[in-house]
Amino acid sequence: MTDQTIGADIQLLVPRLPSAGVIAPYIEEIDRTHVYSNGGPLERRLCSELGAFFSDRTGSRAPAVTTVTNGTIAIELALRTYVAAAGGEVILPSYTFIASAQAVSNAGFTPVFVDVDEDTLAVTPAIVRRAIEVRGKPAAVLVVSPFGGPIRFDEWDDLETTTGVPVIFDAAAAALSISKVGRQPVCLSLHATKILGAGEGGAVISTDEALVVAIRSMTNFGFDPAGTRLSLRRGGNYRISEYAAAVGLASLTEIAHKRRTLFARFEEFRDRLAGSRIQFQEGFGSEWITATMNLILPDEAVEPVLARFSRDGIPWRRWYGDGCHTHPIFAESPCLSSLDVTKRVARRTIGVPFHEFLTDSQIERICAACTGW
Ligand SMILES: *Cc1c(COP(=O)(O)O)cnc(C)c1O
């Protein structure tokens, strides 16, 4: 690897979007069409290729897709269209990236935090059902894919059917773990640091075509999709440019390669940590992968391992911090339990260096630092 910016130090995360040469043919199309935004040909192609990508992955018919400015806006617009209530409470796990809670607030709802399951790091229908018993029905539930991990779509579909509470999926980092797409909106981020990147960007995916058409219209000032130039609903400018679509399309051509490369990097970790008591998220590196990797440490290993990381110059991060409820801006938001599991998993779940440029010897250094504590 000759990239000067990467250097010899171990980096926590090194995103890699397609190189200039891979993007160039798409940019040349822009030169020819003189269309730079507003749902141009590249953006429309990105929507249809994403639809094909998810139908290939899920074995179902191609869902409807619209791009949006970013993953946070995807959640906001999904909440504003899929949820009948214009306000009220939205249940979500505290253990998520802060964007989930910000999106709930920005869409005019009150975030209500719940705990997660200790094994999957995800909120479960059982947790939500208990919350409904205690507090009554919320306006919606925002189900988060923890660090891009799998979501049990069928169980959530069942929860929505049996309780009538609409479900929205924050699958921001989950492009390679989505196993099903139904009518509930699936919100994706195309940020550079996610597994499928466009620099900035996002998408909403659903089999409900009318829902996706409505969200798409909101990205363009609520203009009538039939082209009357009349604004039919509240909206704004939540579009992506043709340049971002170009990068997104180029990324799709490389995603299979990226997946293989990261699977292979993970194998180095898995082999070196085999027999230790360190765990990974279930199925990580064998069934699915994403652009970050967490070690799940035994409780008593947290302090010694982090001390060794700082001694050895190995960067690490708790990607979700201690949960959204610990951020000052959400300090007043209701929590539906003591969030004891969140506290435990937040402490033990440590993001470690993981990217395509990690060398075997760097992985050896990282693994050496976290074994034999
Ligand atoms: C990245 C991320 C988001 C936000 O996506 P952006 O494209 O950065 O706005 C939301 N939720 C989760 C869980 C994320 O990881």
- Item | Matching option when the condition is more than 19 Å from the chain's Cα centre (by Cα), among the hydroxyl-bearing types (Ser, Thr, Tyr) and either over 17 Å from residue 324 (Cα atoms) or within 15 Å of the ligand (Cβ to nearest atom) (or both), among 48, 105 | 48
- Message: For the condition basic (Lys, Arg) and under 23 Å from residue 356 (Cα atoms), what is the one hit in 229, 239, 272?
- Response: 272
- Task: Would you be able to say whether some residue in the range 223-236 is open to solvent by less than 20 Å² (accessible area, probe 1.4 Å) and either in contact with a Pro (Cβ under 8 Å, 6 or more places away or on another chain) or more than 16 Å from the ligand (Cβ to nearest atom) (or both)?
- Result: no
- Query: For the range 54-158, list the strands (runs of 3 or more DSSP E) that sit wholly inside it and hold at least 1 residues that are in contact with a His (Cβ under 8 Å, 6 or more places away or on another chain), charged (D, E, K, R) and buried (at least 24 other Cβ atoms within 10 Å of the Cβ); which are they?
  - Reply: none
- Considering every residue within the range 81-96, establish whether at least one is within 30 Å of residue 246 (Cβ to Cβ) and away from the ligand (no atom under 13 Å from the Cβ). yes
- Query: Pairs under 9 Å by beta carbon, first residue at positive phi in the range 184-200, partner open to solvent by 10 Å² or more (accessible area, probe 1.4 Å), six or more apart or different chains?
  - Reply: 199/17; 199/191; 199/192; 199/243; 199/244; 199/247
- Message: Please return the ranges of strands (runs of 3 or more DSSP E) entirely within the range 167-209 where 3 or more residues are within 9 Å of the ligand (Cβ to nearest atom).
- Response: 186-189
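The values are calculated or read from the model by the stated rules, or taken from the named source; none is laboratory data. Quick caveat: nothing in here was measured; it's all calculated off a predicted structure. Reconstructed Cβ throughout: ideal geometry from the backbone, glycine too, with neighbour counts over all protein chains shown. Side chains are part of the model used for accessible areas, which takes the heavy atoms of the whole protein and leaves out ligands, DNA and RNA. Shrake-Rupley method; radii C 1.70, N 1.55, O 1.52, S 1.80 Å.
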